[in-house]
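Below is one structure, written out as structure tokens; the observations come after it.
The values are calculated or read from the model by the stated rules, or taken from the named source; none is laboratory data. This structure is a prediction, so every number in the text was calculated from the model and none was measured. Note that each Cβ is placed from the backbone with ideal geometry, even for glycine, and that neighbours are counted across all protein chains shown.
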Amino acid sequence: MQDMAAARLHMVEGQVRTNDVTDKRITGAMGLIERERFVPAANRALAYADVCVEVKPGRFLLDPRSLGKLLQLAEIQESDRVLDVACATGYSSAVLSTLSADVVALEEDEELAKEATAALRSVPKLGRLFGVVGPHRDGAPGQEPFDVVFVNGAVDEIPAAWVQQLKEGGRLLSILRDGPLGKANFCVRKGGALSRRVAFDATVPLLPGFERAKTFVF
């Protein structure tokens, strides 16, 4: 039987710290929260592997390296309100809740949202969490403004709703596809627009429905 505590420690030391995640709040949270609670039984052996773990066909938890680096890039403060887009079974929301004032966990798949609710309720001493079921593209209207929008998965483009729901000076963390590869983008809302900089390479599965529309010439 796999020793999950040892696997969790190995994940933090071998996948997260070694990839320049130095914020002890992040490594501490990832070292305490039991990731296996958020993974289906069939894939539980992969809970701490250096892969994106499938939780439902076409939906994944980010691999530990990508998640840790994105969290550090976000520079989340204890006073921040965070929108966690495509939270799936809720692992990212659990970690985010230990770093921020409150988290709105957005999931459009009702089955995954129910699984996230059950998993999050099973974890003691998390921060303030609110669940919203609705289209990922729409963000969480009525819950804004957010200091941080955190996106779990790759996208080809950033929807306007996410930008509109950010505070001025708010940060958006997303992995944008660049051909077959992915680039982690740190974005800041300035004057109603979004400035971007590429921070690191991160190739993760595309979120369903976020493919760029294909064009052709007659």
Q: Might you check whether a residue that is buried (at least 17 other Cβ atoms within 10 Å of the Cβ) and within 24 Å of ILE33 (Cα to Cα) occurs anywhere in the range 185-196?
A: no
(Q) So for the range 110-118 (the condition being part of a helix (DSSP H, G or I), of a type outside the set (Gly, Ala, Ser) and closer than 18 Å to GLY170 by Cβ), does at least one residue qualify? (A) no
Q: Give the residue, chosen from ILE175, ILE158, that is outside any strand (DSSP E or B) and crowded, with 17+ Cβ neighbours inside 10 Å.
A: ILE158
Q. Applying the selection to the range 1-30, what residues are free of Cβ contacts under 8 Å to residues at least 40 places away in the same chain and either surrounded by fewer than 12 Cβ atoms within 10 Å (Cβ to Cβ) or at positive phi (or both)?
A. MET1, ASP3, ALA5, ALA6, THR18, LYS24
Q: Using the structure shown, decide if ARG137 is in a helix (DSSP H, G or I), of a type in the set (Lys, Arg) and under 14 Å from the mean Cα position of the chain (by Cα).
A: no
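Please indicate, with yes or no, whether at least one residue in the range 128-150 is under 23 Å from ARG44 (Cα atoms) and in contact with a Ser or Thr (Cβ under 8 Å, 6 or more places away or on another chain).
no
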**Q.** Residue that is more than 16 Å from the chain's Cα centre (by Cα), of a type in the set (S, T, N, Q), surrounded by 19 or more Cβ atoms within 10 Å (Cβ to Cβ) and over 24 Å from VAL39 (Cβ atoms), where the choices are GLN143, GLN165
**A.** GLN165
Q. Looking only at residues in the range 75-95 that are surrounded by 24 or more Cβ atoms within 10 Å (Cβ to Cβ) and free of Cβ contacts under 8 Å to residues at least 60 places away in the same chain, which one is farthest from the chain's Cα centre (by Cα)?
A. THR89
Q: Kindly indicate the residue of the range 173-191 that is among the charged types (D, E, K, R) and under 16 Å from ASP147 (Cα atoms) and also modelled with the highest pLDDT among those meeting that condition.
A: ARG189
Q.
Looking at the range 204-213, can you tell me whether even one residue there is farther than 21 Å from ASP109 by Cα, surrounded by 17 or more Cβ atoms within 10 Å (Cβ to Cβ) and free of Cβ contacts under 8 Å to residues at least 40 places away in the same chain?
A. no
